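Note sheet for the following structure.
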Amino acid sequence: KSDSDTYTCDIGDAQSRAKLVVQETPVLFKQELRNEEAKEGKQVKLTCELSKPDTPVKWMKGNTVLHASEKYEFKQRGTVAELIIRDVRSIDS
């Protein structure tokens, strides 16, 4: 997308211009989240894989956006995004 712009071929006495518009490929899930079960007090990891590397990811519990804390850790390497939930309790279901 960042390559979208006007390009010019200049021969000194004349110029030719063209506009390039790059259509972004939509981001899709190559691997979706899977249901998990965990014992209270343990740690659980939720993982998904995206079709584009380093795509911004927002993690949510219900309608609430999660933020990094002692409870929640986010990792992202290339196309893989992970949410680690520590010390799970019944309210985390």
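Phi angles of the range 37-48 translate, via the Karplus equation with coefficients 6.51, -1.76, 1.60 and θ = phi - 60°, into HN-Hα couplings of 10, 8, 7, 3, x, 8, 10, 10, 10, 9, 10, 9 Hz per residue; Gly and Pro are given as x. Label-to-label distance for Ser16 and Leu66 is 5.4 nm, based on points extended 7 Å past Cα in the beta-carbon direction. Straight-line cross-link partners of Lys75 among the lysines, defined as a Cα under 24 Å from its Cα and at least 8 positions apart when in the same chain: Lys30, Lys39, Lys42, Lys45, Lys52, Lys58, Lys61.
Note that the range 54-61 has calculated 3J(HN,Hα) couplings of 6, 6, x, 10, 10, 9, 9, 10 Hz, one per residue in order, obtained from phi through the Karplus relation 6.51 cos²θ - 1.76 cosθ + 1.60 (θ = phi - 60°); glycine and proline are x.
Output the direction-averaged projected area (hull surface divided by four) of the convex hull of the alpha-carbon atoms of the chain, in nm².
Averaged projected area of the chain's Cα convex hull equals 8.9 nm².
For Glu32 and Asp87, the difference between the fully extended length at 0.36 nm per residue and the C-alpha to C-alpha distance is 17.4 nm.
Bear in mind that the values in this text are calculations on the coordinates, not laboratory data. The shown structure was predicted, so the numbers you read here are calculated from the model rather than taken from an experiment. Heads up, the Cβs are rebuilt from the backbone with ideal geometry, glycines too, and the neighbour counts pull from every protein chain shown.
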